[in-house]
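Report on the structure given below.
The values are calculated or read from the model by the stated rules, or taken from the named source; none is laboratory data. Predicted model only: the values in this text are computed from it and were never measured. When we count neighbours, we look across all protein chains shown, and the Cβ atoms used for this are built from the backbone with ideal geometry, even at glycine. These accessible areas exclude ligands, DNA and RNA; they are computed on the full protein's heavy atoms, side chains included. Shrake-Rupley method; radii C 1.70, N 1.55, O 1.52, S 1.80 Å.
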Amino acid sequence: QVQLVEFGGGLVQAGGSLRLSCAASGRTFSNYYMGWFRQAPGKEREFVAAISWGGGSTYYADSVKGRFTIPRDNAKNTVYLQVNSLKPEDTAIYYCARHGSGRYHLRTSYDVWGQGTQVTVSS
């Protein structure tokens with residue numbers, strides 16, 4: 001069974017940075033695209049970023065382009081989300097997920113999800 005565990009969230013002031021991690025256990029995920037989503041209180045879960053199995057292709061939501069990056073280390077079965085220049089509107093629970101099939105920005109395209117890690121940005 002494959003499990004994903006996120007960590008690295010926390011409380012940060014506007015303009016600050018965090019590095020979120022998502023570690024996979026059970027099997028390697030080197031052949032899978034991986035994605036990050038986030039969900040703020042009262043809002044729908046929204047796409048943040050995705051990365052191909054080899055790291056050569058990345059995809060970002062317009063709201064985070066230029067501020068977030070999504071590197072991965074297949075040897076460690078880990079994908080990261082580097083979040084920079086944080087804004088209060090970035091406050092959300094951040095989830096990593098393994099892509100199954102379908103468009104990268106759709107929640108329903110992912111078949112394995114982590115438990116989430118909270119990011120809170122103060123002004």
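Number of residues in the stretch 18-67 that are aromatic (Phe, Trp, Tyr), open to solvent by 10 Å² or more (accessible area, probe 1.4 Å) and assigned to a strand (DSSP E or B) equals 3.
From the list TYR110, TYR80, TYR94, TYR32, the lone residue that is closer than 15 Å to LEU4 by Cα, of a type in the set (Phe, Trp, Tyr) and more than 13 Å from the chain's Cα centre (by Cα) is TYR32.
Across the stretch 1-17, the qualifying residues are those that are open to solvent by less than 30 Å² (accessible area, probe 1.4 Å) and part of a strand (DSSP E or B), and the one among them that is farthest from TYR95 (Cα to Cα) is VAL12.
Can you find even one residue in the stretch 82-93 that is modelled with pLDDT of 95 or more and over 21 Å from SER122 (Cβ atoms)? So far as the stretch 82-93 goes, no, none of its residues is modelled with pLDDT of 95 or more and over 21 Å from SER122 (Cβ atoms).
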